[in-house]
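Step one of this worksheet: look at the structure below.
The values are calculated or read from the model by the stated rules, or taken from the named source; none is laboratory data. Since the model is a prediction, treat every value here as computed from it, not as a measurement. Every residue, glycine among them, receives a Cβ derived from its backbone with ideal geometry; neighbour counts consider all protein chains shown. To get the accessible areas, we keep the full protein, side chains included, count just its heavy atoms, and leave off ligands, DNA and RNA. Shrake-Rupley method; radii C 1.70, N 1.55, O 1.52, S 1.80 Å.
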Amino acid sequence: MTNRPVVAGVDGSVSALHAVRWAAKEAVRREKPLRLVHACFVPPKPPHVPVALPREYGEALIEQGHEWLAEAATAARSVDDRVEVDTDLRVGAAAETLTTASAEADLVVLGSRGLGGFSGLLVGSVSVALAHHGQCPVVVVRGRTPESAPPETGPIVVGVDNSANCDAALDFAFASAAALEVPLLAVHTWNDLSLEHGWPVMPMQLDYTRIGEDEERGLTAHLTAWREKYPEVRLVERSVRDRPVRGLLKAAEGAQLLVVGSHGRGGFAGMCLGSTSQSLLHHSTCPVAVLRPDTSR
Ligand SMILES: Nc1ncnc2c1ncn2[C@@H]1O[C@H](COP(=O)(O)OP(=O)(O)OP(=O)(O)O)[C@@H](O)[C@H]1O
Ligand SMILES: [Mg+2]
């Protein structure tokens, strides 16, 4: 077993501290070290200030970064003093630095918002970038509002499109439900093709009962391997005739974690993050784990 750390991104924001606490718990559970990373962007040319500064602009930014990291380490230890924490200040742009860090990480955990952005922004650009380009599983921590504390109880919900694209998400969701000993709700939505609008003039009746039964059977079949591997997980299968985002958001009401693949059947080679996962990231009321097919650890 490698000792890849759980990485949490720290930028001095409330949301990042929620992520740090979530990551601390997860690191202890995974028996991994927790690495707190702050990317400090030092502009090559400092802003013009018409008075002499007591010290270099970059120096001040780095000092502030170290303070944020120290505050985050204290927050992590307050969750569980068994957590093995180290801090890492890297000079560079946040999205790029964290993407590089993700290649060596077991998991990357970020807040949904940071210090930048504007009020009303649902998810910041760093979190979106990592959901697209992270080289390992990425969790964006949030609660009912982007900056509120995440829920700590409730089931785990996983979105299943019955294709291999969601298998990494299923691995992650089953392992998490087993470790946390909470129920797992596997949700498959099947109306995404809007069949009834496809042939508006055809004298044809679609038998939704039969389609629904087929989809249910498809879900049960797709979950076979995981059901066998995790007999202890209380699995609830739900196949619903709804659009994916609406169906999954409804199912995730009251959940503590929503797990999704990075793209579904509608994706194309090279696509990083499908529209369903993007929308869920923006509108979920609980933390969202995004699993690219090749990043299951
Ligand atoms: N410089 C950074 N170093 C480490 N982690 C960061 C940094 N900036 C952001 N993060 C992580 O990403 C999360 C989301 O912040 P993000 O920067 O995406 O949102 P924002 O500041 O609200 O918006 P934006 O920066 O896009 O204007 C933070 O909670 C934190 O976990
Ligand atoms: Mg930011």
Selected residue (criterion: most open to solvent (accessible area, probe 1.4 Å)) from residues of region 3-35 that are more than 26 Å from I62 (Cα to Cα) and either within 16 Å of ligand 2 (Cβ to nearest atom) or in contact (Cβ under 8 Å) with a residue 60 or more places away in the chain (or both)
R29
Conditions (1) more than 13 Å from the chain's Cα centre (by Cα); (2) open to solvent by 40 Å² or more (accessible area, probe 1.4 Å); (3) outside the structural domain of G218 (by TED's automatic domain parsing): number failed by D167:
(3)
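Sort out for me the strands (runs of 3 or more DSSP E) sitting completely within region 69-180 that have 1 or more residues that are away from ligand 1 (no atom under 16 Å from the Cβ) and modelled with pLDDT of 95 or more.
Working: elements: 85-91, 107-111, 138-141, 156-159.
Output list reads 156-159.
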Quick one: in region 115-146, which of the residues that are open to solvent by 10 Å² or more (accessible area, probe 1.4 Å) and among the aliphatic types (A, V, I, L, M) is farthest from ligand 2 (Cβ to nearest atom)?
L122
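Condition test on L258, is it buried (at least 22 other Cβ atoms within 10 Å of the Cβ), in contact (Cβ under 8 Å) with a residue 60 or more places away in the chain and of a type in the set (A, V, I, L, M, F, W, C)?
yes
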Quick one: would you say A186 is more than 16 Å from the chain's Cα centre (by Cα), modelled with pLDDT of 95 or more, assigned to a helix (DSSP H, G or I) and closer than 30 Å to V20 by Cβ?
no
Over region 34-48, the set of residues assigned to a loop (DSSP other than H, G, I, E, B) and in contact with a helix residue (DSSP H, G or I) (Cβ under 8 Å, 6 or more places away or on another chain) is F41, V42, P43, P46, P47
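Check region 88-97 and report whether any residue there is aliphatic (A, V, I, L, M), in contact (Cβ under 8 Å) with a residue 60 or more places away in the chain, within 23 Å of V290 (Cα to Cα) and buried (at least 17 other Cβ atoms within 10 Å of the Cβ). Before you say what the answer is, go through the steps one by one.
Initially, region 88-97 is screened for residues aliphatic (A, V, I, L, M), giving 89, 91, 93-95.
Adding the requirement that they be in contact (Cβ under 8 Å) with a residue 60 or more places away in the chain leaves 94.
From the residues that got through so far, the ones that are within 23 Å of V290 (Cα to Cα) too are 94.
Now drop any that are not buried (at least 17 other Cβ atoms within 10 Å of the Cβ), which leaves 94.
Yes, because at least one residue in region 88-97 is aliphatic (A, V, I, L, M), in contact (Cβ under 8 Å) with a residue 60 or more places away in the chain, within 23 Å of V290 (Cα to Cα) and buried (at least 17 other Cβ atoms within 10 Å of the Cβ).
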With the requirement that a residue be in contact with an Asp or Glu (Cβ under 9 Å, 6 or more places away or on another chain), in a helix (DSSP H, G or I) and not hydrophobic (A, V, I, L, M, F, W, C), what does region 5-25 give you?
S15, H18, K25
For region 98-114, what are the residues that are more than 12 Å from ligand 2 (Cβ to nearest atom) and in contact (Cβ under 8 Å) with a residue 60 or more places away in the chain?
A101, S102, E104, A105, D106, L107, V108, V109
